[in-house]
1. I'd like to check one number: the per residue accessible area of region 13-154, probe 1.4 Å, reported in Å² as a whole number.
2. Could you work out the longest stretch of the chain that avoids the trypsin sites (Lys or Arg not before Pro) located in DSSP loops with at most 15 other Cβ atoms within 10 Å?
3. By a straight-distance test (C-alpha under 18 Å), which aspartates and glutamates pair with residue 58 as possible cross-link partners, with residues fewer than eight away in the same chain excluded?
4. Between 165, 72, 85, find the one with the highest GNM mean-square fluctuation for the chain; connect C-alpha pairs within less than 10 Å.
5. Quick one: of 187/288; 247/312; 218/250; 255/312; 69/109; 247/320, which pairs are farther than 20 Å apart, Cα to Cα?
6. Rounded if a/c is under 1.5, else prolate if a/b beats b/c, else oblate: with a ≥ b ≥ c from the C-alpha gyration tensor eigenvalues square-rooted, which is region 202-286?
7. Name the residues whose placed amide hydrogens come within less than 5 Å of the amide hydrogen of residue 203, ignoring near sequence neighbours (fewer than 5 apart) on the same chain.
8. Given the chain reduced to its alpha-carbon atoms as identical point scatterers, what log10 I(q)/I(0) does the Debye formula return at q = 0.07, 0.11, 0.13 Å⁻¹?
Amino acid sequence: MEYRRLGNSGLQVSALSLGSWVTFGSQITDDVAEKLMHTAYEAGVNFFDNAEVYASGKSEIVMGNILKKANWDRSTYIVSSKVFWGGQLPNQKGLMRKHIFEACEGALKRLQVDYLDLFFCHRPDVNTPISETVWAMNTLIQQGKITYWGTSEWTGQQITEAHYWAERYKLIGPIMEQPQYNMFERKKVELDYLPVYKTFGLGTTIWSPLASGLLSGKHINSSPADSRFEMPSMSWLKERVLSEQDKMEKVKQLKTLAEEIVIPLPHLAIGWCLKNPNVSTVILGASKVEQLEQNLLTWDSLPKITDDILLKIEDILQNKPVLITF
Ligand code: NDP
């Protein structure tokens, strides 16, 4: 396993990590969740990602039970939660100080840990001043309840504003952002955040490297019955992804390219993310142990993803974000 510093912080995060969205407490049994975490940990994964909203808190309960039973030394893993969608009532959703404090307490209880290593603002909250959120996160750090905080799907401008308030009041600003990043979703990571990597040393924990499984190639003809696309609660995702025929066409061409260099398509897609030096960790998702085992072997295929192959990938994707200058 390779370890990368999370932005300009001192924290070292495994370049491949494991997330629990859709799977823990929902699509898979607790037994499979436990096997996934052990498989990951034994391969050197040190970061497990979670959120208050995943399976309405159940995902954190499942992960907390597994962590407790495993009894791994607390210094050997990093666990996260995210605050935003706590419930439907006023003050159960958003980034006001009240919900940030309550969400943190809730996550600590569900995960059965004394502190969260990473605490993310799951989305921007346009109704709460960013200064209030920065103060609340700084307070949690001072209280020892979290060690680092960050954002998810914020704009570069919003991250910059958070740093402005942090600098003005001598508070600790966000060190990491959790954006979607994969062959089909590139603009934020490859373009929008360029100034914030440079100015603030932002780290990234990127999500959906396989765009929810599409980039595994298994949906080319029809979706397997046991995939997340067939879950009633995920029908919105299936409709959206499968309606984009041009993407499916590109997946077919990527699969042919992966076959040419004799690597599995998931390795090509995950390895492509790992090649970006602004990616601190690629958060993997898996509903089966075999999927995770395969994805963790991406390292073996990395030498085959040469500059020449990267150019061929660009030829297929035709979506490289470009900076428009005048
Ligand atoms: P992926 O895009 O990698 O999708 C993972 C899914 O793809 C698996 O659950 C499985 O689904 C399928 N899959 C994975 N590997 C293989 C394989 N080798 N062969 C075939 N199918 C495979 O990642 P996720 O979308 O799960 O995102 C990863 C993590 O990122 C989440 O768990 C979460 O922690 C985080 N995240 C954060 C978000 C945010 O807003 N901050 C939003 C979304 C995710 P199946 O078997 O069901 O087809």
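1. In whole numbers, region 13-154 has 39 Å² accessible per residue.
2. Counting at most 15 other Cβ atoms within 10 Å as exposed, the longest clean stretch of the chain is 1-169.
3. Of all the aspartates and glutamates, those that pass the test against residue 58 - Cα under 18 Å, at least 8 places apart if same chain - are 30, 31, 34, 49, 102, 105.
4. Most flexible of the set in this elastic network: 72.
5. 187/288
6. Cα axes put region 202-286 in the oblate bin.
7. The list, which skips near neighbours in sequence, is 7, 8, 176, 177.
8. Taking Cα atoms of the chain as identical point scatterers yields -0.27, -0.69, -0.98.
The values are calculated or read from the model by the stated rules, or taken from the named source; none is laboratory data. Values in this document were obtained by computation on a predicted structure and should not be read as measured data. Note: ideal-geometry Cβ built from the backbone for every residue, glycine included; neighbour counts use all protein chains shown. We work out accessible area using only protein heavy atoms, side chains counted, and drop any ligands, DNA or RNA first. Shrake-Rupley method; radii C 1.70, N 1.55, O 1.52, S 1.80 Å.
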